[in-house]
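A quick write-up on the structure given underneath.
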């Protein structure tokens, strides 16, 4: 097998991600992150919920501490028939805040359909999607809204920090992975306002665009099986396909706990790998509409995603795996140095050691070689993967609370539940 074309793909992807993207950010400066301080729309924060436990309490409390105009901000929690105490925790967080609504789906519908239901019932101009396992910084909503500088901008994404970065070797590795994914890899797409994946952890959308795309989002399936994974990437791709612009800012941010076990990490990566494959393959039909630079980057990433596992297999068969592994270690070590230099002014508890990224030299070829084929053969999975079990609750930034009193029994077909009006109290932020 001739590997020279694969080496070219690697070089092209690396140049786009780590050279051309940062150069665009350097020369375009504020034009890549423009703001409109006069834009003050009504905002509804939607939180899809499934088996999050206490984590939803801290998510809602952090949103209640936002510095956005309280008269223009509402919050809707959509419980997708959780089987744990998540609904009770959500009701406890909403208690005393009439602008917080806790909804419960009539049956398990999946994240996207739950969000669509909340969007239909909301009347705000901007919808902010927030995952139930995050704690949002107090200025996040304001920073997202500021980036809607043009009617063509339909979505604005924010970044995510790892709260448990120093828990073990795996979370330290993920910390650096998140750093490059969010502070380097999106720069090329940001330069052309065509960010192709905005995370559901923290993203703002124009409501009318979500309503416009709802029929497409609702009908998503593979071989007749409704798909519940990868909703964020699918939605972003549909927005770009419809001709709208998508942007990303690091000024709006939230915090979440990364998987701290190999089982959790592999499950997450499998779900993401399926999403990447499905949407990148389906996106080939309209990739030509993108800016030529973004289109080349898009196609080269997909080609590398499909060919990389074959390259690993080729090297194993020919006894060259350890040579490739050594090259991976050199690259990951160099990236660890870049991370450490860039984060040198942060307090020690906010960063991880330089060598923390070396395990990625092992994890990347192994997960690509195993998970990419597995993802290809299980694209029609309807599973939520890591969303099927309670995730670790974010490190609370509020005063510890006692478990909630079990909520009164609510029929599964119930609709919306509003808490009685009580004086609003200040709560801690993210």
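The values are calculated or read from the model by the stated rules, or taken from the named source; none is laboratory data. Bear in mind the structure is a predicted one, so any value in this text is a computation, not a measurement. Counting neighbours? That spans all protein chains shown, and the Cβs are built from the backbone with ideal geometry, glycine included.
Quick one: residue 117 ticks every box in (1) under 26 Å from residue 257 (Cβ atoms); (2) touching a residue at least 12 places away in the same chain (Cβ under 8 Å); (3) assigned to a helix (DSSP H, G or I) except a single one, so which number is it?
It is condition (1) that residue 117 fails.
With the structure loaded, tell me whether residue 283 is part of a helix (DSSP H, G or I) and either more than 22 Å from residue 163 (Cα to Cα) or modelled with pLDDT of 95 or more (or both) or whether it fails that test.
So residue 283 fits the description; yes.
On the basis of being at pLDDT below 95, within 20 Å of the chain's Cα centre (by Cα) and assigned to a helix (DSSP H, G or I), does residue 196 make the cut?
no
Please work out which one of (1) under 26 Å from the mean Cα position of the chain (by Cα); (2) over 25 Å from residue 275 (Cβ atoms) is the condition residue 317 fails and give its number.
Residue 317 satisfies every listed condition except (1).
Among the residues of region 123-132, are any out of contact with any helix residue (DSSP H, G or I) (no Cβ under 7 Å at 6 or more places or on another chain) and surrounded by fewer than 23 Cβ atoms within 10 Å (Cβ to Cβ)?
Yes, there is a match, as at least one residue in region 123-132 is out of contact with any helix residue (DSSP H, G or I) (no Cβ under 7 Å at 6 or more places or on another chain) and surrounded by fewer than 23 Cβ atoms within 10 Å (Cβ to Cβ).
Can you give me the number of residues within region 74-100 that are surrounded by fewer than 23 Cβ atoms within 10 Å (Cβ to Cβ) and under 20 Å from residue 211 (Cβ atoms)?
1
Residue check, residue 295 against (1) assigned to a helix (DSSP H, G or I); (2) farther than 19 Å from residue 187 by Cβ, all met but one. Which one?
It fails just one condition, (2).
Can you find, within region 328-353, the residue that is surrounded by the most Cβ atoms within 10 Å (Cβ to Cβ) among those that are under 25 Å from the mean Cα position of the chain (by Cα) and not in a helix (DSSP H, G or I)?
The selected residue is 352.
Being in contact with a helix residue (DSSP H, G or I) (Cβ under 7 Å, 6 or more places away or on another chain), farther than 30 Å from residue 222 by Cα and at pLDDT 85 or above is true for just one of 346, 355, 374. Which residue is that?
Only one candidate qualifies: 355.
Every residue, every condition in (1) over 21 Å from the mean Cα position of the chain (by Cα); (2) modelled with pLDDT of 95 or more, yes or no:
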site: 17; (1), (2): no, no
site: 21; (1), (2): no, no
site: 29; (1), (2): yes, no
site: 33; (1), (2): no, no
site: 39; (1), (2): yes, yes
site: 44; (1), (2): no, yes
site: 53; (1), (2): no, no
site: 67; (1), (2): yes, yes
site: 74; (1), (2): yes, yes
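Which condition from (1) farther than 30 Å from residue 364 by Cα; (2) surrounded by 15 or more Cβ atoms within 10 Å (Cβ to Cβ) is the one that residue 27 breaks?
(2)
Taking the stated definitions as given, is residue 308 at pLDDT below 90, closer than 19 Å to residue 364 by Cβ and touching a helix residue (DSSP H, G or I) at 6+ places or on another chain (Cβ under 7 Å)?
Answer is yes for this residue.
Please specify each residue of region 170-192 satisfying the condition of being within 18 Å of residue 251 (Cβ to Cβ), surrounded by fewer than 20 Cβ atoms within 10 Å (Cβ to Cβ) and touching a residue at least 12 places away in the same chain (Cβ under 8 Å).
Result: 178, 182, 183, 184, 185.
Among the residues of region 76-83, is there at least one that is under 16 Å from the mean Cα position of the chain (by Cα), outside any helix (DSSP H, G or I) and within 29 Å of residue 367 (Cβ to Cβ)?
Scanning region 76-83 turns up no residue that is under 16 Å from the mean Cα position of the chain (by Cα), outside any helix (DSSP H, G or I) and within 29 Å of residue 367 (Cβ to Cβ).
Which of the residues that make up region 242-266 are surrounded by 18 or more Cβ atoms within 10 Å (Cβ to Cβ) and part of a strand (DSSP E or B)?
245, 246, 247, 248, 249, 252, 253, 254, 255, 256
On the basis of being in contact (Cβ under 8 Å) with a residue 24 or more places away in the chain, under 12 Å from residue 252 (Cβ atoms) and over 17 Å from the mean Cα position of the chain (by Cα), does residue 146 make the cut?
Spelling it out, residue 146 is indeed in contact (Cβ under 8 Å) with a residue 24 or more places away in the chain, under 12 Å from residue 252 (Cβ atoms) and over 17 Å from the mean Cα position of the chain (by Cα).
Test residue 22 against the criterion of being more than 30 Å from residue 106 (Cβ to Cβ), in contact with a helix residue (DSSP H, G or I) (Cβ under 8 Å, 6 or more places away or on another chain) and assigned to a loop (DSSP other than H, G, I, E, B), and give yes or no.
no
Does region 199-219 hold any residues that are under 17 Å from residue 246 (Cα atoms) and either surrounded by 23 or more Cβ atoms within 10 Å (Cβ to Cβ) or within 20 Å of the chain's Cα centre (by Cα) (or both), and which are they?
Listed by number, the residues that qualify are 199, 200, 201, 202, 203, 204, 205, 206, 207, 209, 210, 213.
Output the residues belonging to region 267-295 that are farther than 21 Å from residue 242 by Cβ and either touching a helix residue (DSSP H, G or I) at 6+ places or on another chain (Cβ under 6 Å) or surrounded by fewer than 16 Cβ atoms within 10 Å (Cβ to Cβ) (or both).
Listed by number, the residues that qualify are 267, 268, 269, 270, 271, 273, 274, 277.
Could you tell me which of the residues 109, 103 is within 17 Å of residue 210 (Cβ to Cβ), part of a strand (DSSP E or B) and modelled with pLDDT under 95?
So the residue among 109, 103 that is within 17 Å of residue 210 (Cβ to Cβ), part of a strand (DSSP E or B) and modelled with pLDDT under 95 is 103.
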